[in-house]
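Worksheet: the structure to be examined is printed underneath.
The values are calculated or read from the model by the stated rules, or taken from the named source; none is laboratory data. For clarity, every value in this text was computed on a predicted model and none was experimentally measured. No Cβ is skipped: glycine too gets one built from the backbone with ideal geometry, and neighbour counts run over all protein chains shown.
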Protein chains: 2
Amino acid sequence: MALIVQKYGGTSVADLGRIRNVAKRVAKTRDAGNDVVVVLSAMAGETDRLIRLAHEASLNTPSLREYDALISTGEQVTVSILAMVLNAMGYRAMSLLGFQVRIMTDNAHSMARIMNIDTGVVTNALSEGTIVIVAGFQGVDENSNITTLGRGGSDTSAVAIAAALKADWCDIYTDVDGVYTTDPNVYKKARKLKKISYEEMLELASAGAKVLQHRAVELASNFRVPVYVKSSFNDDEGTLVTVEDSDMEKEVVSGVTCDKNQAKVMVVHVPDKPGIAAKLFTPLSDRGIIVDMIIQNASYEGFADLTFTVSKKDVPQVREIFDTVARETQASRVEFDENISKISIVGIGMKSHAGVASRMFSALARDGINIMMISTSEIKISCVIEEKYTELAVRVLHDAFKLEKERK
Amino acid sequence: MALIVQKYGGTSVADLGRIRNVAKRVAKTRDAGNDVVVVLSAMAGETDRLIRLAHEASLNTPSLREYDALISTGEQVTVSILAMVLNAMGYRAMSLLGFQVRIMTDNAHSMARIMNIDTGVVTNALSEGTIVIVAGFQGVDENSNITTLGRGGSDTSAVAIAAALKADWCDIYTDVDGVYTTDPNVYKKARKLKKISYEEMLELASAGAKVLQHRAVELASNFRVPVYVKSSFNDDEGTLVTVEDSDMEKEVVSGVTCDKNQAKVMVVHVPDKPGIAAKLFTPLSDRGIIVDMIIQNASYEGFADLTFTVSKKDVPQVREIFDTVARETQASRVEFDENISKISIVGIGMKSHAGVASRMFSALARDGINIMMISTSEIKISCVIEEKYTELAVRVLHDAFKLEKERK
């Protein structure tokens, strides 16, 4: 008998038939004697439809308060329908919206952060044997304005609710059945992991893996919520995301991931003086542009080259900003390269195993893949390579670290 | 400079193009220096779509709490879109849902009654020059459950908000441009009324005219809210629904209306004893079946016939109930007739003009239309006739009372 939070994503509730399947799964968990809180996304495609409508209505400058009021309807539809289906099956079930639970957020519309969750309404309902179905992705600010949490926000809702309720664990049902050593669509030898640490999951998420939202993993890690990533379309065992343990350290590398969404910007021949980097990057951060990898080569005759990566979609804005900034810093020119990708290996084991980086570089070199940029963290190494080698690099590294084989 | 509540129905907000038209109309009212509160319905067809979904999900027995949570999303979509459109046009505008205004209702889900409306949030926004856009049809009960007000509930929302805010008047924009002497689709000589009393409007609504929801007129009458019925598709003058005045009394009859939705039930040869009527009608009211006209003929040798009308959709239930009840009351049999319609004339002037009823009966008789039942109120006379004569009867009565001509 446990308290379980189950989150189902958009493809799991895409239509009434699938919602009925979710209901069966929820009912089974309840029948086993557990208290169940369900968190739902909107039907697949619905949020995108509403976002298009918002952009059309507002000539692409939606008031974000109204945008949130509009797009939060998607989850309101799925939670009330699931409650009706469960009621018709003879179960006590009730839907709760953000304002009804009192999922309190800041007022950063469209990307709000959860500040606090009242547990009173939910725990009362649970104590009466009711299955509680909470709308994901939404909350309210202190003035009762509806807010939303940004892309993938339902994962965050689920983990936050699990943390607030001190649930035994949180199941994240999605359209993949776990966390793999790499994307199975890229390499068929990809292997599903039984367990992965929060830390690795965070690095994988930031390196481009899309299984779990980054903030959801952060929250899970902060509050030590065990998270199972599972598929709602089968009964396969999923992947447990949890605290690091000795088993995990045996795995030098847990996963390989790639991100084709980056572009490389090189500022050539800038005077190597204090304050130059700030001059270059402050205008970018002011516009909300996230800079990922940054490298600066050794200075030669008082000048250096500075290279960094940004998201491909930000390239036009960076060009515009650097038209003036580059002149001010006396850089000789700025070069853009969008034909790149970032390839990363992640693993807790790197902390205690030497030679991981050189093994990565050698493997890439053997197949003639040139490395343009390198960045490392304690448990991740990322390389920028030519985009056309992306899939080859994934396979090469997967083989080099023997990821298809499970460690004992 | 006035405070005006404007309500737009489903056909007026059926798509983004029409919502833009609504925005222009609202903006014009605001530009003229008025404070504006807008109340919206869901896009035409959307509420029906959601109701079908609820029935499908729940195998036709939706939990009404969840039903309300689901169908209230329709209005949430239109109010946020209108706010976005107005914002993009450069106007301050904000949407408010039932729980945000605090439109407090009882907890009779799917047919809730408004108990109280907080005016604080709305008046604050108005004082800052903001156009306030309120979701019609919805409220919340004291436990923050979402409630809805039943069919046509947005009219009620608008009038209730106008009453709470002490607005100067309430515009109801709909797909007809006013109140007519009869349905223009039935008789092309139908004339639009400039003014009509609350009382007449109530009788017309209960007699089958569908321009304004009955409860909205009741509220308007109780709080003396002047209501203009107008079209959102043209700039024609509408009809003012207001307190009775001396002008109105000149009109003997203001309108003719028909209702094909009734069925006649005759309980034949029941013992004429005290308590029989109660025995017959209590089981009907227990099941929520509304009985409209009731007549009982003179008793003959201790037995009488009792005839009444109910909505056609209730006939199967009435049959089922009377299978046993008729036996208990020793009635010899029960006859049902669904091929009937109710035709009514309504007019404040009846109070002071004699001979209205006989003029009605003579006109019908002249064209061979047989009257099966008659009921009268102070300002309305209704007759049940054979259904096939409905349209003929409307034209005959419209001519008999010269409704095509305006009184001076």
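A:Tyr300 passes every criterion in (1) loosely packed, with under 12 Cβ neighbours inside 10 Å; (2) under 30 Å from A:Asn185 (Cβ atoms); (3) among the aromatic types (Phe, Trp, Tyr) apart from (2).
Taken together, B:Lys166, B:Lys192 contain a single residue that is without any contact (Cβ under 8 Å) to a residue 60 or more places away in the chain and among the charged types (D, E, K, R), which is B:Lys192. Could you please find all residues in region B:259-292 being assigned to a strand (DSSP E or B) and among the β-branched types (Val, Ile, Thr)? If the condition is that a residue be assigned to a strand (DSSP E or B) and among the β-branched types (Val, Ile, Thr), then B:Val265, B:Val267, B:Val268, B:Val270, B:Val291 are the ones that fit.
Against the criterion of being within 14 Å of chain B (Cβ to nearest Cβ) and out of contact with any strand residue (DSSP E or B) (no Cβ under 9 Å at 6 or more places or on another chain), A:Gly120 qualifies.
What number of residues in region B:77-102 are in contact (Cβ under 8 Å) with a residue 60 or more places away in the chain and at the interface with chain A (Cβ under 7 Å from one of its Cβ atoms)? The total comes to 2. If you check every pair at least six apart or on different chains, which have Cβ atoms under 7 Å apart with a residue in region A:350-373 that is among the aromatic types (Phe, Trp, Tyr) first and a residue that is modelled with pLDDT of 90 or more and surrounded by 14 or more Cβ atoms within 10 Å (Cβ to Cβ) second? Listed by first residue and then by second, the contacts come to A:Phe361/A:Ile371. Number of residues in region B:135-147 that are within 12 Å of chain A (Cβ to nearest Cβ) and in contact (Cβ under 8 Å) with a residue 60 or more places away in the chain: the value is 4. Across region B:339-360, the number of residues qualifying as surrounded by fewer than 15 Cβ atoms within 10 Å (Cβ to Cβ), at pLDDT below 95 and of a type outside the set (Gly, Ala, Ser) comes to 1. Residues that are among the aliphatic types (A, V, I, L, M), part of a helix (DSSP H, G or I) and either in contact with a strand residue (DSSP E or B) (Cβ under 6 Å, 6 or more places away or on another chain) or buried (at least 18 other Cβ atoms within 10 Å of the Cβ) (or both) within region A:6-49 comprise A:Val13, A:Ile19, A:Val22, A:Ala23, A:Val26, A:Ala27, listed in sequence order. Residues that are of a type in the set (D, E, K, R), more than 9 Å from every other protein chain (Cβ to nearest Cβ) and farther than 25 Å from B:Lys166 by Cα within region B:27-76 comprise B:Glu46, B:Asp48, B:Arg49, B:Arg52, listed in sequence order.
Taking region B:117-134 as the range and being touching a residue at least 60 places away in the same chain (Cβ under 8 Å) and closer than 19 Å to A:Phe99 by Cβ as the test, the residues that pass are B:Val122, B:Val132, B:Ile133, B:Val134.
Pairing residues of region B:223-241 that are at positive phi with residues that are part of a loop (DSSP other than H, G, I, E, B) and surrounded by fewer than 22 Cβ atoms within 10 Å (Cβ to Cβ), at Cβ distances under 9 Å and at least 6 apart in sequence or on separate chains, gives B:Arg224/B:Val243.
On the given criteria, is B:Asp236 assigned to a loop (DSSP other than H, G, I, E, B) and either over 15 Å from B:Arg113 (Cα atoms) or of a type in the set (Val, Ile, Thr) (or both)? Yes: the conditions hold for B:Asp236.
Please determine, by comparing only the residues of region A:95-115 that are surrounded by 22 or more Cβ atoms within 10 Å (Cβ to Cβ) and part of a loop (DSSP other than H, G, I, E, B), which one is modelled with the highest pLDDT. Step by step, filter region A:95-115, then rank; the result is A:Leu97.
A Cβ distance below 6 Å, combined with a sequence gap of six or more or placement on separate chains, defines the contacts here; from region B:285-310, residues that are assigned by TED's automatic domain parsing to the domain that holds B:Val384 reach no residue that is at pLDDT 85 or above and surrounded by 10 or more Cβ atoms within 10 Å (Cβ to Cβ). Looking at B:Ala57, is it out of contact with any His (no Cβ under 8 Å at 6 or more places or on another chain), farther than 12 Å from B:Val134 by Cβ and either crowded, with 24+ Cβ neighbours inside 10 Å or modelled with pLDDT under 95 (or both)? It is true that B:Ala57 is out of contact with any His (no Cβ under 8 Å at 6 or more places or on another chain), farther than 12 Å from B:Val134 by Cβ and either crowded, with 24+ Cβ neighbours inside 10 Å or modelled with pLDDT under 95 (or both). Against the numbered list (1) within 19 Å of the chain's Cα centre (by Cα); (2) outside any strand (DSSP E or B); (3) buried (at least 20 other Cβ atoms within 10 Å of the Cβ), B:Val256 comes up short only at (2).
With a requirement of 3 or more residues that are over 19 Å from A:Leu204 (Cβ atoms), the helices (runs of 4 or more DSSP H) lying completely within region A:302-406 that satisfy it span A:315-328, A:356-366.
Going by what's in this entry, would B:Ser127 be described as more than 26 Å from the chain's Cα centre (by Cα), within 12 Å of chain A (Cβ to nearest Cβ) and modelled with pLDDT of 95 or more? Taking the combined requirement at face value, the residue does not satisfy it.
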